[in-house]
1. Could you give log10 I(q)/I(0) at q = 0.16, 0.18, 0.20 Å⁻¹ for the stretch 14-130, computed by the Debye formula over C-alpha point scatterers of equal weight, without solvent?
2. If you put +1 on each Lys and Arg Cβ and -1 on each Asp and Glu Cβ, how big is the dipole of the chain around its Cα centre, in Debye rounded to 20?
3. What is the spin-label model distance, in nm, from T13 to K126 if the labels are put 7 Å beyond Cα along the C-beta direction?
4. Name the long-range amide H neighbours of R74: under 5 Å, sequence gap of 5 or more, or other chain; modelled H, no Pro or chain starts.
5. Ranking request for peptides 111-117, 74-80: highest mean number of other beta-carbon atoms within 10 Å first, then the rest in descending order.
6. Sorted by mean Cβ packing within 10 Å, highest first, what order do the peptides 125-138, 54-67 take?
7. How big, on average over all directions, is the shadow cast by the Cα convex hull of the stretch 23-66, in nm²?
8. Considering Cα pairs under 8 angstrom that are at least six residues apart, work out the relative contact order of the chain and quote it in whole percent.
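Just so it is clear, none of the values below were taken in a lab; they were calculated from the coordinates. Predicted, not measured: the structure shown is a model, and the values here were computed from it. Neighbour counts run over all protein chains shown; Cβ positions are idealised from the backbone, glycine included.
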Amino acid sequence: MITTTCKTSDYLTTDEILRLIRYFRKENNLRMCLLIEFGVKTLLRYSDLSRIRWSDILDKDTLLLNEKKTNKRREISIGKTLRESIKTTYNQLKSPFPEELVFQYTLQHTNLLLKNGGRFERIKNKNISTHSLRKSGSRFIWQNNGHSDEYLIKLSSILNHSSTSITRRYLGISREEIKDIYQSFDELM
């Protein structure tokens, strides 16, 4: 029997995300810049991102879609800064055909671009993939809302996890909490 190990994707810090966006901007890969922002801010899987057309998001406040993996209907608010990024990218690309796919690379090619960008930006010890964008956005929400159980429950629902324990594992919370517990002993003596 042959076994393979599959390393899961890691979440990225806000600084790492911004560095990747800067890298792709320097490379003049505007779609990758938008993909990173869109992936982080919508928490969508690449299987859903790769089906979005300009007509689905241009000048819209909401994105409606059926998730490919779960077949659940999702309504995603597109915030002001993301709407501005969509419009700016669309104009910089010289107004592509509205029915054209926004993100045109295959999953494998997109992951390769992200990994190369991570290497170039010296983002070390991280397995970067399209799924890192979803994890990073989730982690950002949880951290910026006081690590609360309320937001953990909301994220669990958005991510379509069957329990908050799965969401905890997904976000890498348990490892961090355990580390914090042991580090608290430093204050003891």
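1. -0.75, -0.95, -1.16
2. Values: 33 positive and 22 negative charges, 128 e Å.
Roughly 620 debye, rounded to the nearest 20.
3. About 0.9 nm separates the two model spin labels.
4. L65, N66, E67
5. Details: 111-117: 18.6, 74-80: 13.4.
Ranking, from highest mean packing down: 111-117, 74-80.
6. Details: 125-138: 21.4, 54-67: 14.6.
The peptides rank, most packed first, as 125-138, 54-67.
7. Working: hull surface 13.9 nm².
Mean shadow area of the hull around the Cα atoms is 3.5 nm².
8. Details: 207 pairs, mean separation 53.2, N = 189.
So the answer I get is 28 percent.
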